[in-house]
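Take a look at the structure set out below.
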Amino acid sequence: MPNGVPVATVALNAAQNAGILAAQILGSSNPELLAVIAAFKEGLKNKVMNSLAETTKTDFKFQVKG
């Protein structure tokens, strides 16, 4: 887009991401809403980090056939 025409895009079928983006925009002038969104995103981060920790616990053994 040309200068002066900012565009925010989210994936199709990603209503949650669109909602988060909208709430962040509204939160720029509403500290209470911004705090709620920040806490929600912290929860998402924790979920991802916990999944990563679970994934790295697994001891995969790969065999190369040649």
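In degrees from 0 to 90, rounded to the nearest 10, what is the angle of the helix 31-57 Cα long axis to the longest principal axis of the chain?
The answer is roughly 10 degrees.
Taking 0.36 nm per residue of sequence separation and subtracting the Cα-Cα distance, how much length would be gained by fully extending the chain between Ala8 and Phe40, in nm to one decimal?
9.5 nm
Which of Gln24, Leu34, Ala14 sits farthest toward the positive end of the charge dipole of the chain, with +1 on the Cβ of Lys and Arg and -1 on the Cβ of Asp and Glu?
Of the candidates, Ala14 comes out farthest on the positive side.
Taking Cα Rg over 2.2 N^0.38 Å straight from the coordinates, which label in [x] 1.33; [y] 1.76; [z] 0.99 is the correct one?
Correct label, based on the coordinates given: [y].
Mind pulling the angle between the C-alpha long axis of helix 15-27 and the longest principal axis of the chain? Nearest 10 degrees, somewhere in 0 to 90.
Relative to the chain, helix 15-27 is tipped by roughly 50 degrees.
None of the figures in this text is laboratory data; all of them are computed from the coordinates on show. The shown structure was predicted, so the numbers you read here are calculated from the model rather than taken from an experiment. For neighbour counting, all protein chains shown are included, and Cβ atoms are generated from backbone atoms with ideal geometry for every residue, glycine included.
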